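Taken together, the values in this text are just the output of simple stated rules run on the coordinates, not laboratory data. All figures in this text were calculated on a predicted structure; none of them were measured in a lab. A quick note on method: Cβ atoms are made from the backbone with ideal geometry, for glycine too, and the neighbour counts reach across all protein chains shown.
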Amino acid sequence: MQSQTFDAGRPGRESAAVLTLAAHLLCADVGSGQCDAESVASMARAMRSSYSGFSLARALEGDGWDVDDHLLERLLESDSYRSTAHRAAIAEWVTQRGIKPLREVGEAVSFIYRGATVSGEIVSIDLPQATYTVFVPSMGHVRAGLGVHGIIIPYEQVHNLCPGPESFRLEAQDAALV
């Protein structure tokens, strides 16, 4: 995977970096010389405007590709390439930014979901994806057995990714008192 630099927040599923990586993964899987820079750029352009394997095939044919059965099979799986690329981009963003959870399993948290504030308990943390799984009883979550066990939310829905300047001032004041 090529290293990306992320200047803004969490990479979006439709961001240029994610689509380029997804295109690279898909082209590499197709093989037969389809992994050069021009092919990857062509695939990324097609993925930017196509959401199904068939519309992706049409867009690539319009860009001069010969879409055979093997390529079409891969294009029908294009969403899984996007998902893989998105997860990889988020993991790289987390590493580059040094993002860490500021809450722990078992802590109560509140966040906005569909315009309403909901409260629940963190039941797990996905460090590479910077997400919490939160058990929210009011959403019908279950602790055991069949059913939904929690909602996965990004850290930034619970707290800022970096402590604010006031935190640093408080730490400096505490250090001065010692």
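Listed by Cβ neighbour count within 10 Å, with the fewest neighbours leading, SER78, SER49, SER42, SER83 appear as SER49, SER83, SER42, SER78.
Which of the GluC sites (Glu not before Pro) found in the range 50-158 are in a DSSP loop and have at most 16 neighbouring Cβ atoms, other than their own, within 10 Å?
Values: sites: GLU61, GLU73, GLU77, GLU92, GLU104, GLU107, GLU121, GLU156; in loops: GLU77, GLU104, GLU107.
Passing both the DSSP loop test and the Cβ count: GLU77, GLU104, GLU107.
Basic side chains Lys and Arg get +1 at the Cβ, acidic Asp and Glu get -1 at the Cβ, and with that the dipole of the range 16-97 about its Cα centre reaches some 520 debye.
Can you classify the range 16-97 as rounded, prolate or oblate using the Cα gyration tensor, where a ≥ b ≥ c are the square roots of its eigenvalues, rounded means a/c under 1.5, and otherwise it's prolate if a/b beats b/c and oblate if not? Verdict is prolate for the range 16-97.
Exposure proxy for LEU75, LEU161, LEU60: other Cβ atoms within 10 Å of each Cβ, ordered fewest to most, give LEU161, LEU60, LEU75.
At an R0 of 45 angstrom, the distance between the Cβ atoms of ARG13 and ALA144 translates into a FRET efficiency of 0.90.
Here the simple spin-label model places points 7 Å from the Cα toward Cβ, and for THR117 and ALA41 these points are separated by 5.0 nm.
Here the Karplus relation 6.51 cos²θ - 1.76 cosθ + 1.60, evaluated at θ = phi - 60°, turns the backbone of the range 112-127 into coupling constants of 8, 9, 6, x, 10, 7, 10, 10, x, 10, 5, 10, 7, 10, 9, 4 Hz, with x for every Gly and Pro. Exposure proxy for TYR81, TYR51: other Cβ atoms within 10 Å of each Cβ, ordered fewest to most, give TYR51, TYR81. Note on ASP69 and ARG97: their simple-model spin labels are 4.6 nm apart, each label 7 Å out from Cα toward Cβ.
Could you list the trypsin sites (Lys or Arg not before Pro) in the range 71-137 that lie in coil according to DSSP, counting only those with at most 10 other Cβ atoms within 10 Å of their Cβ? Answer in residue order: ARG114.
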